[in-house]
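Notes follow once the structure below has been shown.
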Number of protein chains: 2
Amino acid sequence: MNYSISEENYIKAIYHLQGESGTVTTNALAEKLSTKAASVTDMMKKLSAKKLLNYKPYYGFTLSTEGKKVALFIIRRHRLWEFFLSQKLGFDWEEVHQLAEELEHVSNKVLIDRLDEFLGFPPFDPHGDPIPDSKGRIASRNNLPLSLLPKNKPGIVCQVTNQSAEMLELLKHKSIGIGTKLEVRKHFPFDQSLELKIKKQIVTISEQLAKNIFVTYDENAN
Amino acid sequence: MNYSISEENYIKAIYHLQGESGTVTTNALAEKLSTKAASVTDMMKKLSAKKLLNYKPYYGFTLSTEGKKVALFIIRRHRLWEFFLSQKLGFDWEEVHQLAEELEHVSNKVLIDRLDEFLGFPPFDPHGDPIPDSKGRIASRNNLPLSLLPKNKPGIVCQVTNQSAEMLELLKHKSIGIGTKLEVRKHFPFDQSLELKIKKQIVTISEQLAKNIFVTYDENAN
DNA sequence: TTTAAAATTTAGACAAATCTAAAAAATGAC
DNA sequence: GTCATTTTTTAGATTTGTCTAAATTTTAAA
C-alpha cells in the first residue's frame with residue numbers, strides 16, 4: 001500500500017498517458033519521465049509484480065484496476081496541494097504544478113482528507129482539472145466550452161485550456177477564474193463575441209477567448 | 001545547497017544531540033536514527049566532505065557553521081508544518097510531529113516563506129519550540145516556568161514540557177495553549193497553587209501543572 | 001602499564017533506481 | 001514474405017544508503 005517516490009511518478013505518468021484505456025509504450029513513458037527505455041522496463045517489471053500493471057513484454061502496459069486507484073490518490077494529493085498553494089499561499093497557476101510535484105508524495109491519508117476539508121472540498125484544481133474525492137471518485141461533469149453554453153443558463157468556469165501569460169492577463173482583467181459563475185446574455189453572430197453576466201456586471205469576450213474557457217453547466221438548473 | 005532526505009535527517013539529529021556545542025558520538029547518533037554505527041560513519045564522511053561537519057575520526061563530530069545553518073532551515077520547515085497541521089488542519093499536538101517529518105523535506109524556500117506568512121509568522125510551534133525565521137534566526141526568549149513568573153506580569157505560554165494525554169486534557173479544560181496570554185494573580189504558599197488571569201477569567205492551577213508550563217515574559221513590559 | 005571491553009571504522013555485500021551497450025522482438029518498406 | 005529499422009528487453013555497471021562481520025582505536029579496570 002506504500003510506494004516509493006519513483007514508483008509513484010511512474011504510476012502517475014502512465015495514468016496521464018493512457019487516458020481512456022489506451023496502451024502506453026516504453027518509449028513514450030521514458031520520454032515523459034525524462035529517463036531511458038531500459039529504466040522503464042525495469043520499473044514496469046516491478047510494478048507488474050505488485051499487480052499495478054497489465055504488462056505484456058514488447059506490447060506496452062496499462063494500469064490495472066488497483067493501479068488506477070493508486071494513480072487517482074496520487075493525483076488527488078497533487079491537485080489538493082495545487083489548490084492550497086494557489087488559494088492559500090497566493091502562488092500563480094504556473095508555479096503550483098512544480099511545487100505540488102514534491103508535496104504529492106507525502107501520502108498520509110488522514111492528512112490529505114483534512115487538507116481537503118480545510119480547503120472546502122474543492123472539486124477542481126487551479127488548472128480546472130477535477131480533484132478525486134477521498135474515495136478516489138472524480139466528479140463527473142458536464143463540461144463544455146463557454147462558446148457553447150446555452151443563453152441564460154448559469155455556468156461555472158472549471159477549466160482554461162490555454163495558459164499563456166497573455167491569456168491569464170486577459171482573464172484577470174475580466175475577473176474570470178476557476179469557479180467564476182457566469183451566464184451568456186448575448187451572442188453576436190457577426191464575430192461570435194459574447195456578452196456575459198458576471199456578478200451583476202456585463203462583460204464582453206471574443207470568440208477566441210470563449211473557446212478556451214470551459215464551464216460546468218447543470219441542464220436542470222434554473 | 002540541496003541535500004537528500006537521508007542527509008537532512010542526519011543533520012537534524014546531530015543538531016538536536018549536540019545542543020549547545022557538545023560533541024556527538026557515533027553510537028548516540030546511530031541510536032537516535034535507529035540505524036547502525038557503520039552507517040553513521042559512512043554518512044559522516046559524506047557530510048564531512050560537504051563541509052557540514054567538524055569530524056575527527058574516533059572523536060565524534062559537531063556541525064560546522066554551515067551545517068548549523070542547514071539544520072536551522074530544516075527545523076524551520078518542520079516546525080512551520082507542525083504549526084500548520086495543528087492550527088489549520090486541527091491535528092493534535094502528538095500527531096503533528098510524525099506528519100511534519102515527511103513535509104519538512106519539501107525544501108523550496110519561497111514555499112516555506114509563503115507558508116510562514118500565511119501562518120502569521122508564528123514564533124513557536126505547537127510544542128512551544130521556537131521557529132527559526134527566514135534568515136535562520138531563532139527568537140531569543142525569556143523563557144521560564146509559569147511557577148516563577150512574577151505576579152501581575154503578562155506572560156505568553158510558549159512551551160509545555162509534559163505532553164501526556166492527561167496533561168493535554170487538563171490544559172484544554174483550562175483553555176491554556178501555546179500562545180495563551182496570562183498573568184499570575186495570586187500565589188498560595190500552602191500548596192504552591194496559582195490563580196491566573198486568562199482572558200478576563202480567573203483560573204486556578206496546581207504547582208505540578210505550573211512547573212510544566214513555560215512562558216515568555218518581557219521584563220520591560222507593563 | 002598492560003589488557004579486556006567498548007566504541008568506531010573499514011571491508012565487503014546488498015537493494016533500489018538508474019545508466020550504457022548489446023541482444024532480441026516487432027514493424028513496415030519493398 | 002524478407003530484411004532493415006525501430007522498439008523493447010537483457011546484461012552488466014554505477015550511485016546512494018544501508019547492513020554484517022572483522023579490524024582498529026580508545027577507554028578504563030586491575
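The values are calculated or read from the model by the stated rules, or taken from the named source; none is laboratory data. Computed from a predicted model, the values in this text were never measured in an experiment. Don't worry about glycine lacking a Cβ; one is built from the backbone with ideal geometry, like all the others, and counts go over all protein chains shown. The protein model used for the area step is the full one, side chains on, heavy atoms only, and it has no ligands, DNA or RNA in it. Shrake-Rupley method; radii C 1.70, N 1.55, O 1.52, S 1.80 Å.
Go through (1) over 24 Å from the mean Cα position of the chain (by Cα); (2) in contact (Cβ under 8 Å) with a residue 60 or more places away in the chain one by one and return the number of the condition residue B:5 breaks.
Failed condition: (1).
Considering segment B:105-123 alone, what residues qualify as being open to solvent by 50 Å² or more (accessible area, probe 1.4 Å) and touching an Asp or Glu at 6+ places or on another chain (Cβ under 8 Å)?
B:108, B:121
Quick test for you: out of A:29, A:80, pick the one residue that is within 12 Å of DNA strand D (Cβ to nearest atom), at pLDDT 95 or above, within 24 Å of the chain's Cα centre (by Cα) and not assigned by TED's automatic domain parsing to the domain that holds residue A:165.
Values: A:80 fails: within 12 Å of DNA strand D (Cβ to nearest atom).
Just one listed residue meets the conditions, A:29.
Only one residue in B:67, B:60 is more than 16 Å from the chain's Cα centre (by Cα), on the phi > 0 side of the Ramachandran plot and within 16 Å of DNA strand D (Cβ to nearest atom), so which one is that?
Working: B:67 fails: on the phi > 0 side of the Ramachandran plot.
Of B:67, B:60, the one residue that is more than 16 Å from the chain's Cα centre (by Cα), on the phi > 0 side of the Ramachandran plot and within 16 Å of DNA strand D (Cβ to nearest atom) is B:60.
Take the residues in segment A:13-40 that are within 12 Å of DNA strand C (Cβ to nearest atom), open to solvent by less than 80 Å² (accessible area, probe 1.4 Å) and not hydrophobic (A, V, I, L, M, F, W, C); name whichever of them is farthest from the other protein chains (Cβ to nearest Cβ).
Among residues in segment A:13-40 that are within 12 Å of DNA strand C (Cβ to nearest atom), open to solvent by less than 80 Å² (accessible area, probe 1.4 Å) and not hydrophobic (A, V, I, L, M, F, W, C), the one farthest from the other protein chains (Cβ to nearest Cβ) is A:25.
Report whether or not residue B:184 is over 21 Å from the mean Cα position of the chain (by Cα), hydrophobic (A, V, I, L, M, F, W, C) and not assigned by TED's automatic domain parsing to the domain that holds residue B:112. Explain how you work it out, then say what you get.
Numbers: over 21 Å from the mean Cα position of the chain (by Cα): yes; hydrophobic (A, V, I, L, M, F, W, C): yes; not assigned by TED's automatic domain parsing to the domain that holds residue B:112: yes.
So residue B:184 fits the description; yes.
Got a sec? Which of B:82, B:169 is within 14 Å of another protein chain (Cβ to nearest Cβ) and not polar (S, T, N, Q)?
It is B:82.
So in segment B:51-69, with the set limited to residues that are closer than 24 Å to residue B:112 by Cα and open to solvent by 20 Å² or more (accessible area, probe 1.4 Å), which one is farthest from DNA strand C (Cβ to nearest atom)?
B:69
Of everything in segment A:15-38 that's in contact (Cβ under 8 Å) with a residue 40 or more places away in the chain and in a helix (DSSP H, G or I), which residue is nearest to residue A:1 (Cα to Cα)?
The initial filter retains those residues of segment A:15-38 that are in contact (Cβ under 8 Å) with a residue 40 or more places away in the chain, namely A:15, A:18, A:21-22.
Pick out the ones that are also in a helix (DSSP H, G or I) and you get A:15, A:18.
Details: A:15: 18, A:18: 22 Å.
Looking at the filtered set, the residue picked out is A:15.
In segment A:124-143, what residues are more than 17 Å from residue A:96 (Cβ to Cβ) and open to solvent by 30 Å² or more (accessible area, probe 1.4 Å)?
A:133, A:134, A:135, A:137, A:138, A:139, A:140, A:141, A:142, A:143
With respect to residue B:10, determine if the residue is touching a Leu at 6+ places or on another chain (Cβ under 7 Å) and more than 7 Å from DNA strand C (Cβ to nearest atom). If you could, list the steps in order and put the result at the bottom.
Details: touching a Leu at 6+ places or on another chain (Cβ under 7 Å): yes; more than 7 Å from DNA strand C (Cβ to nearest atom): yes.
Taking the combined requirement at face value, the residue satisfies it.
Can you tell me which of (1) open to solvent by 30 Å² or more (accessible area, probe 1.4 Å); (2) within 14 Å of DNA strand D (Cβ to nearest atom) is the one residue A:43 doesn't meet?
The single condition residue A:43 does not satisfy is (1).
For (1) within 14 Å of chain B (Cβ to nearest Cβ); (2) open to solvent by less than 30 Å² (accessible area, probe 1.4 Å), each residue gets a yes or a no:
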| position | (1), (2) |
| --- | --- |
| A:90 | yes, no |
| A:155 | no, yes |
| A:165 | no, no |
| A:175 | no, no |
| A:196 | no, yes |
| A:199 | no, no |
